[in-house]
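S.K.: Take this structure first; my questions come after.
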Amino acid sequence: MTRIAIGAVIVSILLGGLVPCEAEPPAEDAWKLWYTQPAERWMDSVPVGNGRVGAMVFGGVERERIALNESTVWSGEPRDDHENPEALAHLDEIREAIFEGRYAEADQLSKQYLMGRQTNFGTHLPMGDLFLDFDHGDAAIEEYRRELDLDCAIATTTYRAGDARFTREVFATNVDDLLVIRLTCDQPGRVSFAASLDGGDKPTMLRKEHDESLIITGDAYETRHSDGTCGVHFRGQVMVRLHGGRFVPAEDQVVVEDADAATLLVAINTDYQGREPLMLCRSQILGGVSKLYEQMRADHVADHQALFRRVDIELGTTDAAPLPTDQRWEQFRQGGDDPHLIATFFQYGRYLLIAGSRENSPLPMNLQGIWNDNLACQMGWTCDYHMDINTQQNYWPAEVGNLPECHEPLFRLIESLREPGRRTARKTYGCEGWVCHIFTNAWGFTSQGRSLGWGAFVTGGVWLASHLWDHYEFTQDREFLAQRAYPVLKESAEFFLEYMVEHPEYGWLVTGPSPSPENHFYAPDGSRCSETMGPTCDIVLVRDLFAHCVEASHILDDDPAFRAKLEGALEKLPPFQIGKYGQLQEWLEDFEEALPNHRTTSHLLALYPSDQITPRTTPELAKACRVTIDRRVNRPDWEDVEWSRANLINFHARLLNPELAYESVRILLQNHTDKNLLTFSAAGIAGAKENIFIIDGNSGGTAGIAEMLLQSYGGEIQLLPALPKAWANGHVKGLRARGGFEVDMTWNEGRLASSTIHATVDGPCRVRSPQPLQFEGETTKAARPESNVVTFTMKAGEQVRLAPTIGQTDLP
């Protein structure tokens, strides 16, 4: 069996005393997952991460398994031949076939000439496993407990073996760029173990260097998504130091006997983008060796809490709070009420974003964040960056959840796609600007995918790039807008201005050939087709792109001529249409859906995350969105998966349907999470034979819960827009709103009690509440007592307290 996980790995055992985690059962307001037995499956274990290095901790007694991951462990390679060389020559022919209603022919032409090649596309791969073997003899194991403290970002395992209590702490520190494992016992000389690494079926080499050191090298090769000869190279080192005790010579293992305490440092690196893994490992390990464990732990906790503690939330109390998490989860699945479990799930989503994506992360989170179970990478859809919603969902909580720094790796990925996207734009469409389609990888893939129905989704890059604008709206950072967001958005808009064509019948500017991702329709002749001109999702994304560029041009006082072109194009985009069932049309024509039970509803992004459709500004279209949702979810064979259910939370919150939003929160936790509260894509969907961890349900669900409590779009902050009856009493602090604001709220018996608005920049503020509002405290601001909307101006650093007007009834 091959030893050592893929990546540069160092394990070091150091001196020092233990700083114990809180050992008592968690109070109801403590953010902990905890269990009374070790993990038996990957989906029982708990995640730690520093934005690059991730680990799943199992908490075994006789054998501890720590599944190791690193975000740049990718197979594949960068290439410049993914585009179909015949695409441009046949583009007009495909469009003409669609305009003339020859949809089946257009699909066949698209399949032959438009679809891209995914040669050596690659996939993210797991690192392997670190094993710690212990021998407690015949001692009875008692008082077992393992936990993940979301507030400290530390996984702790404790148990008693005979007369000795053993404690194990695991955390991944961004400060020191290491995975840290601490082993202690309350009896001296009782820490004995054997440490080994297993890299699975990846090509690795291991050699021993003295009793305390191992050197590992290998390559991230696989044959499912590449040819088995390309991927990152890795190198690592295992080094051990002891406090008491001794080394025992052993092949391919570090064996320790009779130590008082031990600290294992795990450094993981690859040669991605020219990095030197050996030098990085040496630097990281030397940095760890130079610090006491207590300082390393304290630095890690302070770094994590500086982000995590920005937001606090309470949704109500529960009698289930004293129970272990798996028992609470099971009770909730059986219909029990547990608002604190939902609040924990919300904070867990924020924890995962912090653990999986930091400002210095080399790559953003993929379908599995940075934690790879070796299942998604075996699927045809790979463990990559899907851009028809999944990667976007990963980052939906970043701004509203007060973690804007965690957005940064995604921004760098978007910026990196411009250069290869220019090649794809020129080779495939003969246009300037940049374009990216359905997915990308660590190597800058921007071409169409290989299959009809999703491969030619031409606005995937636009959707991803909208996060740049979202960040500006929340921060009001003009420098970010000018230097980073606007150049990317403008170049994308330049592509679409040249790429879009006028519909010969309607005169509208339309995209295409392009699908509504993963869905199909029946053409008038009865054939099942996917490629068309101007699918609704494309038009929504292009409309937002053009509008955001126009607004940015005004803000920056730049590009008036380009702005005029965009304004003219905006007037020619197709309008939303309501179909024969009262539904929002997914395509320009009112086609019959070939897959009416399908999980994707890409056209509804007009409702969320965009705000082109709202109950107040476009009530008839909002009603059509509701009809669309009902027609999907009420089918007995609807493909209900983690990300689509998270989507429903946000949809219903935007439609101001609190009870339906809450129902989807419950279903997400009941049907689409496991014991460790990680979400999964269910067996039977997209070819999966078993449930596969996918992080977008956690992140999308977190964003949805925030959307139920606070919305901000159209220049307005909405307080408690979709508060369900189950959360009658509670509070939230630190959520962020567009315009440069942070919001705190307290509510009692389902009604707002008070709210504080904190301004981070100078500017106007407009607030809507379910009840008429008045200002509290000393202020020169005033509001009409009969109004549930107040408008005022704030200065950066100022805070304003609002409260309901006594005796007034709720207003719409």
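S.K.: Counting only residues 5 or more places away or on other chains, whose amide H sits under 5 Å from the amide H of Leu178 once H atoms are built in the peptide plane?
M.R.: Sorted by chain and number, the residues that satisfy this are Thr173.
S.K.: Next question. Considering only protein heavy atoms and a probe of 1.4 Å, how much of the accessible area of the chain is carbon and sulfur, as a whole percent?
M.R.: Heavy-atom surface of the chain belonging to carbon and sulfur, 1.4 Å probe: 48 percent.
S.K.: Another question, if that's okay. From the phi angles alone, apply the Karplus equation (6.51, -1.76, 1.60; θ = phi - 60°) to region 420-436 and give each ³J(HN,Hα) in whole Hz, x where the residue is Gly or Pro.
M.R.: x, x, 5, 4, 4, 4, 6, 6, 8, 10, x, 10, 7, x, 10, 8, 9
S.K.: May I ask you to list the trypsin sites (Lys or Arg not before Pro) in region 616-707 that are in a DSSP loop and have at most 10 other Cβ atoms within 10 Å of their Cβ?
M.R.: Sites meeting the loop and neighbour criteria: Lys689.
S.K.: Relative to the longest principal Cα axis of the chain, at what angle does helix 536-556 sit, 0 to 90 degrees, rounded to 10?
M.R.: The answer is roughly 90 degrees.
S.K.: Can you list residues whose amide H is under 5 Å from Gly245's amide H, if they're 5+ apart or on another chain and H is modeled 1.01 Å from N?
M.R.: Those qualifying (amide H under 5 Å, at least 5 residues apart or on another chain) are Asp260.
S.K.: Please report, in debye to the nearest 20, how large the charge dipole of region 325-419 is about its Cα centre when each Lys and Arg carries +1 at its beta carbon and each Asp and Glu carries -1 there.
M.R.: 60
S.K.: In region 385-466, which GluC sites (Glu not before Pro) are in a loop and have at most 13 other Cβ atoms within 10 Å, using DSSP for the loop call?
M.R.: Passing both the DSSP loop test and the Cβ count: no residue.
S.K.: Nearest 10 degrees, 0 to 90: what angle lies between the long axis of helix 87-99 and the longest principal axis of the chain (Cα atoms)?
M.R.: 50
S.K.: Okay, moving on. Using θ = phi - 60° and the Karplus relation 6.51 cos²θ - 1.76 cosθ + 1.60, list the HN-Hα couplings for region 565-572 in order, rounded to whole Hz, with x at every Gly or Pro.
M.R.: Each residue of region 565-572 in turn: 4, 5, 4, x, 5, 4, 5, 9 Hz.
S.K.: With axes computed from alpha carbons, what is the tilt in degrees of helix 696-709 against the longest principal axis of the chain, rounded to the nearest 10 within 0 to 90?
M.R.: 60
S.K.: Long-range amide H contacts for Tyr144: which residues qualify at under 5 Å (H placed 1.01 Å from N, peptide plane, sequence gap of 5 or more or a different chain)?
M.R.: Under 5 Å from the amide H of Tyr144: Arg160.
S.K.: Leaving out same-chain residues fewer than 8 places away, which lysines sit with a Cα under 24 Å from that of Lys675?
M.R.: Of all the lysines, those that pass the test against Lys675 - Cα under 24 Å, at least 8 places apart if same chain - are Lys32, Lys689.
S.K.: For Lys111, list the aspartates and glutamates whose Cα falls under 12 Å from its own Cα; do not include residues on the same chain fewer than 8 positions away.
M.R.: Correct list for Lys111: Glu86, Glu531.
S.K.: Within region 73-134, list the GluC sites (Glu not before Pro) lying in a DSSP loop whose Cβ has at most 15 other Cβ atoms in a 10 Å radius.
M.R.: Passing both the DSSP loop test and the Cβ count: Glu86, Glu100.
S.K.: Right, next: Run the reach check for Lys580 against aspartates and glutamates, Cα to Cα strictly under 17 Å, same-chain hits fewer than 8 apart removed. What comes back?
M.R.: Result set, ordered by chain and number: Glu589, Asp590, Glu592, Glu593, Glu620, Asp630.
S.K.: Which number do you get for Rg(Cα) / (2.2 N^0.38 Å) in the chain?
M.R.: 0.97
S.K.: So what is the 222 nm mean residue ellipticity for the chain from helices alone, if each DSSP H run of at least 4 adds -39500 (n - 2.57) and you divide by all residues, rounding to the nearest 500 deg cm²/dmol?
M.R.: After summing the helix terms and dividing by residue count, I get -8500 deg cm²/dmol.
S.K.: Which of Tyr499, Gly449, Leu468 sits farthest toward the positive end of the charge dipole of region 449-499, with +1 on the Cβ of Lys and Arg and -1 on the Cβ of Asp and Glu?
M.R.: Most positive-ward Cα: Gly449.
S.K.: Here's a follow-up. Whole-Hz ³J(HN,Hα) for each residue in region 354-363, computed from phi via Karplus 6.51 cos²θ - 1.76 cosθ + 1.60 with θ = phi - 60°, x for glycine and proline: what do you get?
M.R.: Whole-Hz 3J(HN,Hα) from phi for region 354-363: 5, 6, x, 8, 10, 4, 9, 5, x, 9.
S.K.: Sticking with this structure for a sec: Taking the solvent-accessible surface of protein heavy atoms with a 1.4 Å probe, what is the per residue accessible area of the chain in Å²?
M.R.: Each residue of the chain exposes 34 Å² on average to a 1.4 Å probe.
S.K.: Okay, moving on. Report the full-extension gain for the segment Ile141 to Asp630: residue separation times 0.36 nm, less the Cα-Cα distance, to one decimal in nm.
M.R.: Result for the pair: 170.8 nm of gain on full extension.
The values are calculated or read from the model by the stated rules, or taken from the named source; none is laboratory data. Predicted model, so just to flag it, every value in this text is computed and none were measured. Note: ideal-geometry Cβ built from the backbone for every residue, glycine included; neighbour counts use all protein chains shown. Note: areas computed on protein heavy atoms with side chains; ligands, DNA, RNA excluded. Shrake-Rupley method; radii C 1.70, N 1.55, O 1.52, S 1.80 Å.
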